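Report on the following structure.
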Amino acid sequence: MMEPSQPVASALPGQGPRIVLTHGGGGEGHESATHRVVAERIAALLGLPFGGACEEAGGLAASYLVPRNPLSGAGEAARYGIRGEGDLFGCWVPHAWMATKAIVHPLVATDAASPPGWSHVLAGEARGLTLDGFAAFSSVDALVAGRRLLRRGAVRIKPTGADGGRDQIVVRSEAGLASAVEDLCLDGELTDSLVLEEDLESVKTYSVGQVRLPSRTTSSRTISYCGTQSLTPNNDGAAAYGGSSLFVVRGGFDALLSCALPSESREAVEKAVAFDGLVDRHFAGLIASRRNYDVACGVDGEGRRRIGVLEQSWRVGGATPAEIAALEAFAANPRLQAVRARSVEVYGREPPVRDDATIYYRGEDPRMGPLTKYAWADEKI
């Protein structure tokens, strides 16, 4: 198996010596273990030492942070020295809600409940880039939104704090809607904000993203990609995320769009790139060096083909091992312009793994059971 090379301490342009640290990665499960390996390999790519968890580090002023979850607020920016993309792999947002899937959809009414700083303009301008849906911050608004969407078919309800498709519910009637919303409440109040969205059949989910690492030359540390996600049976036989297969290019989204992409893939990229541009325009101060968008293509309740951005992920995600495999391939071959990269998650004990793959986790997860996660890149396009 490929192992990360030993990093050599160095300095990025215009900065003093730095160290790579994780943030919020405690615990014994597969997510914590994967998070640590991600940070170790990013450190090797940057030629910096890996110092473990920032919670255990003595000083943070000279750190490059790899947070497990988005950072938010002026206090965290000051505490961790976050001034720009060169300070973290992931994102910092002025308000925590900006890093959730709530931003993809508008409120059901202009006077609906909303968090401080909510942008009414972004979701309005994103119509045509997303599926039909609403964000809801109260049970009353969730019920109004759900009833409106049910007129045209089934509705998918998604807590905005959940990831990986977890805790989602599909309802097909007002009674089902009322029961689902009630289950998501405590003393009549939502325990998390919700997205209510048209449910699609025969869905194919695309991943469109970009990673920008600190570098002397922007292009050599920027990658952009489009790919698809797969499902796999978990240890209980239920469908779970099984990995991502990516076509990755060196450079920005313009380099990706200059390639001969299949028509549906191109449409997914164009919608994700347009949404990403709206986010930058309307979220002043957003810092995001890792950007990933899920774009779904399927058939709605009226039999129409629909394609739209589902949600964003600006933190370490399921596709990150594949992203890192591509970055490592580009670093090893400066002439390389495009690669295929793959991340795989497979349940069960000791599944076969490619000899050229990097293992991110192999073990008995306390919650998920036996699980193996690995990634690789292939220069053969």
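Within the stretch 159-188, residues that are without any contact (Cβ under 8 Å) to a residue 24 or more places away in the chain and closer than 16 Å to L143 by Cβ sit with their Cβ atoms under 9 Å from residues that are of a type in the set (A, V, I, L, M) and assigned to a loop (DSSP other than H, G, I, E, B), at 6+ positions apart or across chains, in these pairs: I169/L184; R172/A154.
Within the stretch 106-149, the residues that satisfy the criterion of being open to solvent by 30 Å² or more (accessible area, probe 1.4 Å) and charged (D, E, K, R) are D111, E125, R127, D132, R147, R148.
Which one is modelled with the lowest pLDDT among residues in the stretch 45-78 that are open to solvent by 30 Å² or more (accessible area, probe 1.4 Å) and more than 25 Å from P94 (Cβ to Cβ)?
The initial filter retains those residues of the stretch 45-78 that are open to solvent by 30 Å² or more (accessible area, probe 1.4 Å), namely 49-51, 55-62, 68-70, 72, 74-76, 78.
Next, from what is left, pick out any that are more than 25 Å from P94 (Cβ to Cβ): 49-51, 56-59.
On the way: P49: 93, F50: 94, G51: 91, E56: 81, A57: 71, G58: 63, G59: 59.
By that ranking, first place goes to G59.
If I go through the stretch 85-105 residue by residue, how many of them are open to solvent by less than 20 Å² (accessible area, probe 1.4 Å) and not in a helix (DSSP H, G or I)? Walk me through it before giving the result.
Of the residues in the stretch 85-105, the ones open to solvent by less than 20 Å² (accessible area, probe 1.4 Å) are 87-91, 93, 98, 101-105.
Filter once more, keeping what is not in a helix (DSSP H, G or I): 88-91, 93, 105.
So the answer is 6.
Selection of the stretch 251-295 for residues being out of contact with any strand residue (DSSP E or B) (no Cβ under 6 Å at 6 or more places or on another chain) and either part of a strand (DSSP E or B) or among the β-branched types (V, I, T) (or both) yields V273, V279.
The values are calculated or read from the model by the stated rules, or taken from the named source; none is laboratory data. Since the structure is predicted, the reported quantities are computational estimates derived from the model, not experimental observations. We place every Cβ from the backbone using ideal geometry, glycine too, and count neighbours over all the protein chains shown. The accessibility values were calculated without ligands, DNA or RNA, using every heavy atom of the protein model including side chains. Shrake-Rupley method; radii C 1.70, N 1.55, O 1.52, S 1.80 Å.
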